[in-house]
Structures are given as structure tokens and as C-alpha cells.
1. Among the lysines, which have Cα under 17 Å from the Cα of residue 161 when same-chain residues fewer than 8 positions away are ignored?
2. Could you give the size of the charge dipole of the chain about its Cα centre, using +1 on the Cβ of each K and R and -1 on the Cβ of each D and E, expressed in debye and rounded to the nearest 20?
3. Ranking request for peptides 107-118, 12-23: highest mean number of other beta-carbon atoms within 10 Å first, then the rest in descending order.
4. Report, ordered by chain and residue number, the aspartates and glutamates lying within cross-link reach of residue 53, taken as a straight Cα distance under 19 Å and ignoring same-chain residues fewer than 8 apart.
5. So how far apart, in nm, are the two label points at residue 119 and residue 90 if each is 7 Å from Cα heading toward Cβ?
6. Can you tell which of 141, 8, 114 lies farthest toward the positive end of the dipole of the chain, using +1 and -1 charges on the Cβ of basic and acidic side chains (Lys, Arg; Asp, Glu)?
7. Over the stretch 2-163, what relative contact order in percent results from Cα pairs under 8 Å that are six or more residues apart?
8. How large is Rg/Rh for the stretch 2-163, to two decimals, with Cα atoms and a Kirkwood Rh?
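No lab work stands behind these numbers, since they all come straight from the coordinates. Predicted model only: the values in this text are computed from it and were never measured. Using ideal geometry, Cβ is built from the backbone for each residue, glycine included, and neighbour counts are taken over all protein chains shown.
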Amino acid sequence: MIELERTYLAKKLPGDLKTCESKEIIDVYLPGTSEHPKLRLRKNGDKYELTKKEPTSEGDASRQEEQTIKLTEEEFNVLNRLKGKRVRKIRYNYTWNSQTAEIDVFQDALKGLVLIDFEFSTPEEKEKFQMPDFCLADVTQELFTAGGMLCGKNYAEIEDKLEKFGYKKLCYL
């Protein structure tokens, strides 16, 4: 499956975000020794999966080939024992102009980081998309915002990259 998406840094959080459906996501990127692991073990609410994501062309992170295998909770728990890089976030599904935004509010060591993803059905739809006012900057092509690069890091380790976009730490309970 080819994934077409845009990723943005949040400027602010929509006021009605608390009313949106949300779930905790725990990602474990493997192998833990890799600088940018491409294999992701995920607990997504009460669903479990193993996904491999790779860009379809060099230098274009907005088009990725994604292969996913559904897992049982028992399979997840066994694989979760492997040494990997972890990240935890709360994902809110927010509707904006009939488009669903996945607003990821990072927890733990990355608290203060909020990324917003929009997925598209066609390349044309993606190209026509206008950034919402609650977004600060398009960081789709920024390697440091990829899940495999964020995992295992803390906010201070990416703060200088965020400051280049004028990003201000966002706190959300």
C-alpha cells in the first residue's frame, strides 16, 4: 500500500480537541541499534500490528510503501520484549474541512511535541491541500519528524530543529 500524507508541526491545539476520539499509541522501533529503524511494532488502542515503512523514492517522505501484519495481543507482548526504541503518544482524530487530521500529542520524554498528519487518496488531493491555521509548518520532508527518528529521543535532543520552524512547546493534558 502506498501512503500519501503531509505532516505538520502544530502551532496550537484546536479548542475542541478534548471532545475528539482518542487512543494511546505505543510504538517500538526495531532494531534498537539502528539510527532510523523502519520496522515498527505498534499497540494502537486495542489493536496490535507490525509495520515496515519505506519511502518509495529517495528524498520523498510523503510517499511511502507500507506493509502491515496484524498481530494478536500475545504476539505483541512477545515481540515487545525485544530491545527497541520506544515512543508513546495520544492520537486524536480531528475533523477539519471534511478531512481527518491525526493529531499526535507526544508523552514522556517527548512531551511538548505535537505533530499533525493528513492522509490523502490521490496525489492531486495532496497537492491541493491548504495547511490549516492551527498548523505551523509542513515538515513532511524533515527526517527528524519520522517516527523511526523520534523514537528513543527526548525533547531536548530535537529542540534545535524545532526552533528553526519557530515551534513552541505545547502542553496538553
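1. Partners within reach: 11, 111, 153, 169.
2. Values: 29 positive and 32 negative charges, 136 e Å.
Dipole magnitude for the chain comes out near 660 debye.
3. On the way: 107-118: 19.7, 12-23: 13.1.
Answer by packing, highest mean first, reads 107-118, 12-23.
4. 3, 5, 27, 35, 65, 66, 102, 104, 117, 119, 142
5. It is 2.2 nm.
6. Checking the options against the dipole of the chain, the answer is 114.
7. Details: 319 pairs, mean separation 50.6, N = 162.
Relative contact order of the stretch 2-163: 31 percent.
8. Values: Rg = 15.5 Å, Rh = 16.4 Å.
Value, to two decimals: 0.94.
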